[in-house]
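Inspection log for the structure reproduced underneath, given as structure tokens.
Every number here is computed from the coordinates shown, using simple stated rules; none is lab data. As the structure is a prediction and not an experimental result, all values here were calculated from the model.
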Amino acid sequence: MKTVSPTELRNNIYKLLDEVLNSGIPIEINKGGKLLRIVPVEKINKLANLTKKPDVIIGNPDDLPDISWGKEVNLDIP
């Protein structure tokens, strides 16, 4: 968790708020040795940030053991 001073919060409030909203990680503000925390109310769906990979196998994972890799892999070890 990131800790900032009130001055840093004042100078970068919009950037820090966006950081909390995008990452879901709270920010602490240290004011005179006491801590305050900015926390998002809603949980972030971290899976929503994944990018689609078109080369990844799409289908039933139970079919993977039956795939023949003989043409793609050379297992001859000298």
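Considering only 39, 56, 20, the mean-square fluctuation computed in a Gaussian network model of the chain, springs between alpha carbons under 10 angstrom, is largest for 56.
Distance cut-off 20 Å, Cα to Cα: go down the list 2/43; 15/53; 2/34 and report the pairs above it. Going by Cα-Cα distance, 15/53 fall outside the 20 Å limit.
For the pair residue 19 and residue 45 in one chain, pulling the backbone fully straight at 0.36 nm per residue adds 7.9 nm over the alpha carbon distance. Where only DSSP H runs of four or more residues are counted, the chain gives -6000 deg cm²/dmol as its mean residue ellipticity at 222 nm, each run worth -39500 (n - 2.57). Restricting the calculation to Cα atoms, every distinct pair contributes to the Kirkwood radius of the chain, found to be 17.1 Å.
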